Amino acid sequence: MRTTINREYALRFLGVAVLFVAFAGWFVYDGRIGYPGENARVAPVAERLAERTMREKITAADWVNTAKTGVAPLDEAFREAGMKPPAKIADTFNSWVSAGDPRKDNLEATQAALLVPPHSADDIRAQFVSAAIGLLAALGLMALVAWRWLTALTLEDEALTVTVAGRARRFPLAHLRAVDRGQWEKRGILRLRFDEGTVTLDAWHHAGIRPIAQRIFEIAPGASDATP
């Protein structure tokens with residue numbers, strides 16, 4: 001009897017790894033193209049509104065006031081330029097108004113807020129950090145699958161052999177001292193204690209574990225009820 005990697009386990013973990021790679025690609029795109037591109041598109045519009053703020057004395061409270069037309073002048077100005085107003089600007093102005101912050105009526109503060117790019121250097125840097133984390137997570141998952149794929153257990157009449165990346169370790173069944181079945185029924189995990197060390201059988205990681213476990217119960221019925 002010899003185990004192979006559980007196909008369902010491998011496909012699930014590799015599927016999640018692919019998702020992490022996709023997320024990493026999206027983060028890299030935002031960091032290199034998306035965020036800088038939005039900053040570049042918003043900048044000339046924001047500069048015109050900043051000039052208009054000082055020229056027409058339009059405060060932050062005025063920019064988000066919907067009383068006259070039902071639409072905030074800030075929204076109208078950006079829509080005329082073919083884009084939505086950056087959430088950072090609108091959120092800043094609305095927070096000033098709702099909190100009664102004095103900056104809502106301050107022209108210089110309003111102008112400065114308009115000139116803040118939608119995505120700061122820290123925001124862009126965070127995208128690359130997130131991409132790196134996603135790639136590391138993907139590599140970790142792929143490494144786990146590779147480790148399981150390179151690991152095989154073979155049960156013969158006299159011994160259980162554990163082979164990892166071509167290196168085999170033999171555990172004679174005569175040296176089996178205890179079998180921990182505490183997680184076997186619910187999780188398919190069986191721990192065997194030999195004189196040479198402990199071997200864990202996990203049916204989620206490898207196909208063919210259950211026949212091996214059943215054979216061990218038959219070969220060593222006395223040990224099957226013991227707990228390490």
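The values are calculated or read from the model by the stated rules, or taken from the named source; none is laboratory data. Everything numeric here is computed off the predicted structure, so don't read it as measured data. Reconstructed Cβ throughout: ideal geometry from the backbone, glycine too, with neighbour counts over all protein chains shown. To get the accessible areas, we keep the full protein, side chains included, count just its heavy atoms, and leave off ligands, DNA and RNA. Shrake-Rupley method; radii C 1.70, N 1.55, O 1.52, S 1.80 Å.
Descriptive notes on the structure:
- Segment 86-172 - percent of accessible surface contributed by carbon and sulfur, probe 1.4 Å: 62 percent
- A simple spin-label model places the labels of residue 108 and residue 47 2.2 nm from each other, with each point 7 Å out along Cα-to-Cβ.
- Two-site FRET efficiency, residue 169 against residue 147, from Cβ-Cβ distance with R₀ of 22 Å, rounded to 0.05: 0.90
- Model label sites at residue 210 and residue 55, defined 7 Å from Cα along the beta-carbon direction, differ in position by 7.7 nm.
- Ranked order, 217, 78, 20 - accessible area, probe 1.4 Å, largest first: 20, 217, 78
- Note, ³J(HN,Hα) from phi for segment 178-194, Karplus 6.51, -1.76, 1.60, rounded to Hz, x at Gly and Pro: 7, 10, 9, 9, x, 10, 5, 5, 8, 10, x, 10, 10, 10, 10, 10, 9
- Simple point charges give the picture: +1 on the Cβ of Lys and Arg, -1 on the Cβ of Asp and Glu, and for the chain a dipole about the Cα centre of about 520 debye.
- Since only 102, 43, 217 are under comparison, the one whose Cα sits farthest along the positive direction of the charge dipole of the chain, derived from C-beta charges on Lys, Arg, Asp and Glu, is 217.
- Our coupling estimate for segment 206-215, obtained by passing each phi through the Karplus curve with A = 6.51, B = -1.76, C = 1.60 and θ = phi - 60°, is 10, 7, x, 6, 5, x, 5, 4, 4, 5 Hz, Gly and Pro reported as x.
- Using the 1.4 Å probe convention, the accessible area of the chain works out to 59 Å² per residue with neighbouring protein chains retained.
- Helical runs (DSSP H, four residues minimum) scored at -39500 (n - 2.57) apiece and divided by the length of the chain put the mean residue ellipticity at 222 nm at -17500 deg cm²/dmol.
- Counting only protein heavy atoms and using a 1.4 Å probe, the accessible area of residue 204 comes to about 80 Å².
- Tensor-based shape of segment 1-63 (alpha-carbon gyration tensor, a/c under 1.5 rounded, otherwise prolate or oblate): prolate
- In straight-distance terms, cross-link reach from residue 57 covers every one of the aspartates and glutamates whose alpha-carbon lies under 14 Å from its own, apart from those fewer than eight places away in the same chain; here that gives 105, 108.
- Gyration tensor verdict on segment 84-228 (Cα atoms; rounded if a/c is under 1.5, prolate if a/b is larger than b/c, oblate otherwise): prolate
- Karplus-derived 3J(HN,Hα), 6.51/-1.76/1.60, for each residue of segment 152-157, Hz, glycine and proline x: 9, 10, 10, 9, 10, 5
- Projected label points at residue 196 and residue 16, each 7 Å from Cα along the beta carbon direction, are separated by 3.2 nanometres.
- An oblate overall shape is assigned to segment 144-203, the ratio a/c of its alpha-carbon gyration tensor axes (a ≥ b ≥ c) being 1.5 or greater and a/b not exceeding b/c.
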